[in-house]
1. Note down all Cβ pairs under 8 Å where the first residue falls in segment 272-292 and is open to solvent by 50 Å² or more (accessible area, probe 1.4 Å), the second is basic (Lys, Arg) and modelled with pLDDT under 90, and they're at least six residues apart or on different chains.
2. Determine whether LEU193 is surrounded by fewer than 24 Cβ atoms within 10 Å (Cβ to Cβ) and in a helix (DSSP H, G or I).
3. Regarding segment 224-232, can at least one residue be identified that is farther than 18 Å from VAL114 by Cα and modelled with pLDDT of 80 or more?
4. Could you say whether any residue in segment 131-143 is over 21 Å from the mean Cα position of the chain (by Cα) and buried (at least 16 other Cβ atoms within 10 Å of the Cβ)?
5. Before we move on, is LEU189 in contact (Cβ under 8 Å) with a residue 12 or more places away in the chain and out of contact with any Pro (no Cβ under 7 Å at 6 or more places or on another chain)?
6. Looking only at segment 241-253, which residues are touching a residue at least 40 places away in the same chain (Cβ under 8 Å) and either out of contact with any Leu (no Cβ under 8 Å at 6 or more places or on another chain) or at positive phi (or both)?
7. Would you say ALA31 is farther than 24 Å from ARG236 by Cα and buried (at least 17 other Cβ atoms within 10 Å of the Cβ)?
Amino acid sequence: MAVVDSRTSARPTSVPRKKAAPGKLPGLAMAATGVALAWGTHRLVPAVPMLTAAVVLGIAAAHLPGVRARVRGVGKPGLTLAGKRLMRVGIVLLGLKLSLDDVLGLGWATVAMVLAVVAATFFGTLWLGRRLGLRGDQPLLIATGYSICGASAIGAVSEVSGSDEEDVATSVALVTLCGTLAIAVLPLLHHPLGLGDAEFGRWVGASVHDVGQVVATAQTAGPAALGDAVLVKLMRVALLAPLVAAVAVAVRQRRQALPTGKRPALVPLFVLGFLAMVALRTTGWLPGGALDAAAHAQELLLAAALFGLGSAVHLPSLVRTGGRVAALGLCSWVVVAGVSYGGVLLTT
């Protein structure tokens, strides 16, 4: 008869503890540090927009030997949260920069010009990206970034399209690069193209991607150019809402045949928030101090989001498709600059 030792039988079997997943706080702290560095960079070199600096710093953090492991490890949940959630809040606050009175003040000819530029750039880039065989949603995201408002538009559309994180990061990197180059290149073309200051401002507003990059480019021609550039640019920003809604409808229809597939909302909540902020700005109820505070908050939130998106860029993967991606970016840049230049000549 076997004898069982009560001391060993009563001892519970040890179960290996599951390693706790890293929280979001480390990544959010990294994003906050990136925002502070981007702000400092903009203060030292005003020609470099804060949002552009945030993307570049995010890319750098993802590849620095001493930082890379933490960014891709313990920092990833928080940086992903910044790239998604904070992006939505920033886009909602972006609506406070625009009022319907500003849009109507541009005149119907300018509004038609902006619509033509956005349509030609979006559909032309989308078609060419498919022909070049770019992976996933890269053609859609790049087309959105070039035609509307750079990295912010890419983040908004990726929310409803469910795009792969690497596709989003690659598209953001490309659009940021071209927008940064525009700050240096377009002022050199101001007088050779025969544009007056106001005309140059409208050309910049219709062709440069990010709002900060528009300001940095147009201010080289004085206040008249800057004022027109910002108004035209904000008209392009206003088209973000219908574009995101259209993408949401297309994705919804594509997934209609999948009974268990997750379908995006017909109009995403953050787009409704953006439109609500436009309506609120139009009423004129908000004092200037509140608008200034919202503008600062919006820039900080978008900087944190773009740092998070930049940290997801993987340069080796970008290099593998670099030739095709660069070709698409160059062609799209030529289209948006050429169509907007023609539009400005026709409407002034």
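The values are calculated or read from the model by the stated rules, or taken from the named source; none is laboratory data. Quick caveat, the model's predicted, so the values are computed rather than measured. All Cβ positions, even for glycine, are placed from backbone atoms using ideal geometry, and neighbour counts span all protein chains on display. When the accessible area is computed, the model is the full protein with side chains, heavy atoms only, and any ligands, DNA or RNA have been set aside. Shrake-Rupley method; radii C 1.70, N 1.55, O 1.52, S 1.80 Å.
1. Going by the 8 Å Cβ cut-off, the qualifying pairs are ARG281/LYS97.
2. Judged against the criteria, LEU193 is not a match.
3. Yes - at least one qualifying residue is present in segment 224-232.
4. yes
5. Working: in contact (Cβ under 8 Å) with a residue 12 or more places away in the chain: no; out of contact with any Pro (no Cβ under 7 Å at 6 or more places or on another chain): yes.
Spelling it out, it is not the case that LEU189 is in contact (Cβ under 8 Å) with a residue 12 or more places away in the chain and out of contact with any Pro (no Cβ under 7 Å at 6 or more places or on another chain).
6. We begin by selecting, within segment 241-253, every residue touching a residue at least 40 places away in the same chain (Cβ under 8 Å); these are 243-244, 247-248, 251.
Once the filter is applied, which keeps residues that are touching a residue at least 40 places away in the same chain (Cβ under 8 Å) and either out of contact with any Leu (no Cβ under 8 Å at 6 or more places or on another chain) or at positive phi (or both), segment 241-253 yields LEU243, VAL244, VAL251.
7. Values: farther than 24 Å from ARG236 by Cα: yes; buried (at least 17 other Cβ atoms within 10 Å of the Cβ): yes.
It is true that ALA31 is farther than 24 Å from ARG236 by Cα and buried (at least 17 other Cβ atoms within 10 Å of the Cβ).
Conditions (1) aromatic (Phe, Trp, Tyr); (2) assigned to a helix (DSSP H, G or I); (3) touching a residue at least 60 places away in the same chain (Cβ under 8 Å); (4) open to solvent by 10 Å² or more (accessible area, probe 1.4 Å), marked per residue:
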| site | (1), (2), (3), (4) |
| --- | --- |
| TYR146 | yes, yes, yes, no |
| SER152 | no, yes, yes, no |
| GLY155 | no, yes, yes, no |
| ASP167 | no, yes, no, no |
| VAL172 | no, yes, yes, no |
| VAL175 | no, yes, yes, no |
| ILE183 | no, yes, yes, yes |
| LEU226 | no, yes, no, yes |
